[in-house]
1. For the chain, what does the helix formula give at 222 nm: sum of -39500 (n - 2.57) over DSSP H segments with n ≥ 4, over the residue count, nearest 500 deg cm²/dmol?
2. Can you give me the C-alpha center-to-center distance between region 141-168 and region 58-114, rounded to a whole angstrom?
3. Tilt of helix 180-190 relative to the longest C-alpha principal axis of the chain, in degrees (0 to 90, nearest 10)?
4. Springs between alpha-carbon atoms under 10 Å, Gaussian network over the chain: tell me which of 92, 177, 120 tops the mean-square fluctuations.
5. Can you tell me what the convex hull of the Cα atoms of the chain projects to on average, as an area in nm²?
6. Can you give the Kirkwood hydrodynamic radius of region 122-174 from its Cα pairs, in Å with one decimal?
7. Under the classification rounded if a/c is under 1.5, otherwise prolate if a/b is larger than b/c and oblate if not, where does region 27-87 fall, given a ≥ b ≥ c as square roots of the Cα gyration tensor eigenvalues?
8. What does DSSP give for the chain in terms of the percent of beta bridges that are antiparallel, rounded to the nearest 5?
């Protein structure tokens with residue numbers, strides 16, 4: 001009996017160690033910009049590393065902004081390019097004119113009812129100032145994103161991440177998602 005318990009314990013420890021090594025290896029292989037776990041609007045964990053190998057457009061969004069109609073263009077991009085490897089991720093934020101005051105449930109209902117949004121939407125986060133989430137610290141810091149660093153200026157700022165997990169472009173809030181330079185940048189990355 002004692003030998004059986006010892007063998008079982010050793011097997012469990014070996015399995016646990018193997019799982020830990022696999023998890024550690026997976027985290028090393030995930031590019032830094034995607035090495036974050038966020039919550040979606042339903043409160044479930046989303047590992048951004050699952051999008052490694054895709055072209056990702058990260059956008060801080062708001063429901064009561066003059067730029068809110070960009071949801072329509074974002075959804076159109078999603079429908080047009082998702083099958084080719086584009087992932088659009090919306091990050092609701094309330095830092096600019098309190099233009100995203102709703103709860104996650106209200107945001108989900110608004111996006112679905114008004115724009116038919118089916119691309120991934122994360123829980124409301126802070127993208128600027130006190131309480132800024134780690135992902136947006138990474139995106140805006142000169143140390144971690146030297147080419148495209150700088151504070152988020154308003155709702156609907158867009159970061160384009162290539163299949164390797166590198167930030168390759170940043171578009172200001174007023175640049176519409178279907179602007180020719182955005183489409184060109186997305187198509188170039190999808191073709192790689």
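No lab work stands behind these numbers, since they all come straight from the coordinates. Just so it is clear, the model here is predicted, and its values are computed rather than measured.
1. Values: 5 runs with 70 residues, N = 192.
So the calculated ellipticity at 222 nm is -12000 deg cm²/dmol.
2. 18 Å
3. On a 0 to 90 degree scale, this one is about 20.
4. For the chain, modelled as a Gaussian network with Cα springs under 10 Å, the answer is 120.
5. Working: hull surface 55.2 nm².
Result: 13.8 nm².
6. Details: mean 1/r = 0.0864 Å⁻¹.
Value: 11.6 Å, from the Cα pair sum.
7. Working: a/c = 2.36, a/b = 1.46, b/c = 1.62.
Here region 27-87 falls in the oblate category.
8. In the chain, approximately 55 percent of DSSP beta bridges are antiparallel ones.
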